[in-house]
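This report concerns only the one structure given below.
All of the numbers you see were taken from the coordinates with simple rules; none came from a lab. On a predicted model such as this, the values are computed, not experimentally measured, just so you know. Cβ sites come from the backbone with ideal geometry, for glycine too, and all protein chains shown count toward neighbours.
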Amino acid sequence: MEIFNYMEEYDYEQLVFCQDKNSGLKAIIAIHDTTLGPALGGTRMWTYKTEEEAIEDALRLAKGMTYKNAAAGLNLGGGKTVIIGDPKTDKNPEMFRAFGRYIQSLNGRYITAEDVGTTVQDMDTIHLETDYVTGISPEFGSSGNPSPVTAYGIYKGIKAATKEAFGSDALEGKTVAVQGVGNVAFTLCEHLYKEGAKLIVTDINKDAVQRAVDAFGAEAVDPDDIYGVECDIYAPCALGATINDDTIPQLKAKVIAGSANNQLKTPEHGDMIYEKGIVYAPDFVINAGGVINVADELNGYNESRAMKQVETIYDSLTKIFEISKRDNVPTYVAADRMAEERIESVRKSRNQFLLNGHHTLSRR
């Protein structure tokens, strides 16, 4: 992999390699774009097969965070960290303290958070060395469990997509097929149930399914059957890539909107559902409630302010649907364009030279 050529082609700003022999830390911080502000993105710990695979994952995830933060209306850029190692066996406090010192050395260009393989406790350890970390324990000023906030954002996004598909955002009487009923999806089901939606649910965890059946009167189906059920809205809330060659012919829903990441197996599948007339809420837009919530911690967490910002997911999706119609493109393309337009408008505004009041120019 020719790293500089790759970074130049896809407009990456910085790649930082972090190593601490004593703790075993091997981490890669990728900063994609800081046009809108400091790069915010979580720290993932994973057993990568090769160092090149770890680098590619860090770069890919960092770019995704640029688009996610931009589409969410945050004044933040995109970054990501991967730590090479098994999160079950290789962790130790010294590792995360060493990593916190590396973050501190970037002087605010990168702010981290919890991700796959890391925990709130890990963020607390990082916090011993730097303030540039979010998602820490509530005792340190964090917002706590982000699942309810993420679920609320998904709920608002489903309403926006429903309005686009049916002319009204009312969910009463609508049937929603929810694939996966973990913490986020269970809270989402609660919002949908309270508005009068009928729920069809599935999960590989039978206890989770029964919980939804008992709480909301949901209909349970086998995991393989969820795609073909009669419904208005399909909400993928577990596995990625559930929009694919096998499932698309089965889908009867007019809307796809859920919390799962990477819902489209390939971009071509986004084209296919667009051609079928299905309204798709791009995943990195509709599931941005969590990052919106932790971003508010940077200003001293205020729950009402954070929730108000989460509600703008509805407006963001409405704009994406407008761009889709304006440019005659699928919504996944429109979402990228919305993010790119916002970044470019700020980049252009910074092209002007403005004299820094703390310095003077002198001729020599």
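Scanning residues 5 or more positions from Val133 or on other chains, those with amide H under 5 Å from its amide H are Thr112, with H placed 1.01 Å from N in the peptide plane. Can you list the lysines whose alpha carbon sits under 16 Å from that of Lys68, skipping same-chain ones fewer than 8 residues off? By straight Cα distance, Lys68 reaches Lys80, Lys319. Using C-alpha pairs under 8 Å with a sequence gap of at least 6, the mean separation divided by the residue count of the chain gives a relative contact order of 15 percent.
Under the convention that each Lys and Arg Cβ holds +1 and each Asp and Glu Cβ holds -1, the size of the dipole of the stretch 147-343 around its Cα centre is about 460 debye. If you run the Gaussian network model on the chain, springs between alpha carbon atoms under 10 Å, then out of Asp207, Asp296, Asp315 the most flexible one is Asp207. How large is the translational diffusion coefficient of the chain in µm² per second when you combine the Kirkwood radius over alpha carbon pairs with Stokes-Einstein at 20 °C and 1.002 mPa s? Taking Rh from Cα pairs, D becomes 100 µm²/s.
Backbone geometry of the stretch 183-192 corresponds, through the Karplus equation with coefficients 6.51, -1.76 and 1.60 at θ = phi - 60°, to 3J(HN,Hα) couplings of 4, 5, 5, 5, 5, 4, 4, 4, 4, 5 Hz, x marking Gly and Pro. Highest mean first, the peptides 2-8, 142-148, 85-91, 334-340 sorted by other C-beta atoms within 10 Å per residue fall in the order 334-340, 142-148, 85-91, 2-8.
In this structure, the pairs whose alpha-carbon distance is over 19 Å, taken from Lys156/Lys252; Lys206/Lys252; Lys198/Lys254; Lys63/Lys163; Lys206/Lys254; Lys159/Lys254, are Lys156/Lys252; Lys206/Lys252; Lys63/Lys163; Lys206/Lys254.
Here, the stretch 147-343 has an Rg and a Dmax of 15.9, 47 Å when only alpha carbons are counted. Amide H to amide H, with H built 1.01 Å from N, Val178 comes under 5 Å of Ile200, Val201, Thr202, Ala235, counting only residues 5 or more places away or on other chains. The calculated FRET efficiency for the pair Glu219 and Glu311, based on their C-beta separation and a Förster distance of 41 Å, comes to about 0.90. Could you state the angle between the C-alpha long axis of helix 331-349 and the longest principal axis of the C-alpha atoms of the chain, as a value from 0 to 90 degrees rounded to the nearest 10? Helix 331-349 sits roughly 30 degrees off the main axis of the chain. Whole-Hz Karplus values for the stretch 301-308 come out as 4, 10, 4, 5, 5, 5, 5, 5 Hz, taken residue by residue from phi with 6.51 cos²θ - 1.76 cosθ + 1.60 and θ = phi - 60°; glycine and proline positions read x.
For the chain, a Gaussian network of Cα nodes joined below 10 Å ranks Gly37, Gly289, Gly300 by mean-square fluctuation, and the top entry is Gly300. Here the Gaussian network model covers the chain, with springs between Cα atoms less than 10 Å apart; of Gly78, Gly240, Gly135, Gly240 fluctuates the most.
For the stretch 156-165, putting each phi into the Karplus relation 6.51 cos²θ - 1.76 cosθ + 1.60 with θ = phi - 60° gives couplings of 5, x, 4, 5, 5, 5, 5, 4, 5, 7 Hz, in residue order, rounded to whole numbers and with x for Gly and Pro. Restricting the calculation to alpha carbons of the stretch 99-233 gives Rg and Dmax of 19.1, 54 angstrom. In degrees between 0 and 90, to the nearest 10, how far off the longest principal axis of the chain does helix 206-216 point, with axes built from Cα atoms? The answer is roughly 70 degrees.
What percent do you get for the relative contact order of the stretch 112-239 when only Cα pairs under 8 Å and 6+ apart count? Can you show the working numbers first?
Working: 192 pairs, mean separation 27.2, N = 128.
Relative contact order for the stretch 112-239 comes out at 21 percent.
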